[in-house]
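First up is the structure itself, then whatever we jot down about it.
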Amino acid sequence: MAEFPGELHYLESHEWARVEEDGSVTVGISDHAQDELGDVVFVELPEIDSEVIAKQEAGVVESVKAASDIYAPVSGTVIAINDKLEEEPEIVNDSPYDDGWFFKISPTDLDELKSLLSAAEYKESCEDDAH
Amino acid sequence: MGQQTQLYALHNAAGAKLVDFAGWDMPVHYGSQIEEHHAVRRHAGVFDVSHMTIVEISGADSSSYLDLLLANDINRLQEQGKAIYSAMLNETGHVLDDLIVYLVPSGYLMVVNCATREKDLAWMQRCSEGLDVKLAERQDLAILAVQGPKARQLIDQVVDDPRRQVIDSLKVFQGKWYEDWFIARTGYTGERGFEIMLPGAAAQNLWQKLVAAGVKPIGLGARDTLRLEGGMNLYGNDMDETVSPLESNMAGTVVLGDRNFVGAQAIREEISRGPAKLLVGLVLHEKGVLRAHYPVYCGDQLVGEITSGAYSPTLNRSIAMARVSTAKGDFSVEIRGRTVPVELVHPPFVRNGKQVYKAWQAD
């Protein structure tokens, strides 16, 4: 069964967002998403210092099955990307919530997180998709 | 809920992710498609392909019937058990299906695709009218494909002596009956291996013994990337009723001479005017994944589209087959709004674990 950590915020499009102690927001895709995609073979990340806009495309994840856009959960500036995914995209499958993170944002307005889904709401939305 | 093969419970027990495939609930993978792909290239894997359609052909007119039905020449089969790969064409010379047919003591044994089953059977029945030909579908048989460099060694460990002797006697593209098993040295991976048709209970038993011997269960996902690397067409993707075998990299399987098979006249006309399109291989040397239906450009001109595309685990880059109207020039593919250069090549891409593709030589 897929995991849905309670401390994260989610988009219906399967990204998660975690607020770090320094106020930055880390972004990745959910366990449910990696399971649906199958083996991830390629990840395209935004450039450091680029601006991303909430709920707009910020990257791409390609798996054996499909290509999917990655949406930014909040607006802001990209301050870090996970270089490891370049050589080892399978980390996304092995560790979607930890080592498989995609990028970090310095957010413009953390209040944007309020429009995201809680773990329970996101889990429900995944279950709805399955029916 | 779709149709289930006789190995369905074993797939579930092995943690398969099941998907609908032409009305059948089939395993797409058992955890990691890429690991399964590598297992077949480096060791051995077992596939349940029982959804495919087996037809026995018997009767005094069987040979002349298949001479009419198939674009490849059935009279090439002189030795018991030998097989040919062929297209079955309609009157306009387009591909109804691709298939394999073996010469067997009772006549012929044919395997056609699952998704085309009803259409094929109806067509084959129609073409047999007025001839002494009997068609009998063998829905009772399961089919296991055991493929990979260790396939023979591991099958030999789990079957009895007489079956081992059959296995060891087979030439490439040859199959033989032993009791109620038909064992063939064929496959759809570009790797050495066997395909075995056998009753359901025996298939369950063989599957379990193979898995216990270290043969990895392989889903349809890896089957697709293996066959693509192997340069083998997939009906419905790389060819269908809108294209000819000449436009599908299958010219080598069409034997014209003075033969008069269904579609032969259309093929002769096509040769005289030159095929409008051709099926080529593509290799992407930068990151990204080529996928079916992406547009293919030569210079600025749209010249065709990808028919099958995937990430190749063996080559660690994306490969594809594409149907194009020209093979001369600089080619690129549009991937989600981004145009990337691709290399035109002759499939196969991989054989027996090794990269083998060659740059396309324009005529």
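Summary of the geometry: segment B:288-315 and segment A:49-121, compared by the centres of their Cα atoms, lie 27 Å apart.
Couplings 3J(HN,Hα) for segment A:98-108, derived from phi with the Karplus relation 6.51 cos²θ - 1.76 cosθ + 1.60 (θ = phi - 60°), are 10, 5, x, 5, 9, 7, 10, 10, 8, x, 6 Hz, where x marks Gly and Pro.
Summarising the label geometry, the points placed 7 Å from Cα in the beta-carbon direction at B:SER64 and A:LEU110 lie 8.7 nm from one another.
Close amide H pairs (under 5 Å, H built 1.01 Å from N) link B:LEU96 with B:MET88, B:LEU89, B:ASN90, residues at least 5 positions away or on another chain. Rounded to the nearest 20, the size of the Cβ-charge dipole of the protein assembly as shown about its Cα centre is 2660 debye, with Lys and Arg at +1 and Asp and Glu at -1. Relative contact order of segment B:47-186: 29 percent, from C-alpha pairs under 8 Å at least 6 residues apart in sequence. For segment B:59-160, the set of GluC sites (Glu not before Pro) satisfying both a DSSP loop assignment and a count of at most 16 other C-beta atoms within 10 Å is given as B:GLU79, B:GLU91, B:GLU129. Phi-derived couplings, Karplus 6.51 cos²θ - 1.76 cosθ + 1.60 at θ = phi - 60°, listed residue by residue for segment A:55-65: 6, 10, 4, 10, x, 9, 10, 10, 10, 4, 9 Hz, with x used for Gly and Pro. The H on the amide N of B:PHE21, modeled in the peptide plane, is under 5 Å from the matching H of B:MET26, each at least 5 residues off or on a different chain. Amide H contacts of B:GLY231 (H built 1.01 Å from N, in plane; Pro and chain starts excluded): B:PHE349, B:VAL350 sit under 5 Å, all sequence-distant by 5 or more or on other chains.
Sparsely packed loop sites in segment A:59-131 (the trypsin sites (Lys or Arg not before Pro) outside DSSP H, G, I, E and B with at most 12 other Cβ atoms within 10 Å) do not occur. Bridging of B:LYS134 to aspartates and glutamates at a Cα separation below 12 Å is possible for B:GLU56, B:ASP61, once same-chain residues fewer than 8 apart are set aside. Find which of B:GLY257, B:HIS293, B:TYR311 sits farthest along the positive direction of the dipole of segment B:245-359, computed with +1 on the beta-carbon of Lys and Arg, -1 on that of Asp and Glu, about the Cα centre. It is B:TYR311. Checking the Cα-Cα distances for B:LYS209/B:LYS358; A:LYS65/B:LYS216; B:LYS150/B:LYS277; B:LYS17/B:LYS277 against a 31 Å cut-off, the pairs over it are B:LYS209/B:LYS358; B:LYS150/B:LYS277; B:LYS17/B:LYS277.
Of the trypsin sites (Lys or Arg not before Pro) found in segment B:166-258, those that fall in a DSSP loop while having at most 15 other beta-carbon atoms within 10 Å are B:LYS171.
Rounded to the nearest whole Hz, the Karplus-based 3J(HN,Hα) values (6.51 cos²θ - 1.76 cosθ + 1.60, θ = phi - 60°) of segment B:197-213 follow the sequence 9, 7, x, x, 5, 5, 5, 4, 5, 5, 4, 5, 5, 5, 5, 5, 7, with x at glycine and proline. When chain B is treated as a GNM with alpha-carbon contacts under 10 Å, the residue of B:GLY148, B:GLY353, B:GLY288 showing the greatest mean-square fluctuation is B:GLY288. Each stretch of four or more DSSP H residues adds -39500 (n - 2.57); spread over every residue of chain B, this sum gives -6500 deg cm²/dmol at 222 nm. Measuring between their Cα centroids, segment A:1-42 and segment B:67-108 lie 52 Å from each other.
Coordinate-derived values only; no laboratory data. All figures in this text were calculated on a predicted structure; none of them were measured in a lab. Cβ sites come from the backbone with ideal geometry, for glycine too, and all protein chains shown count toward neighbours.
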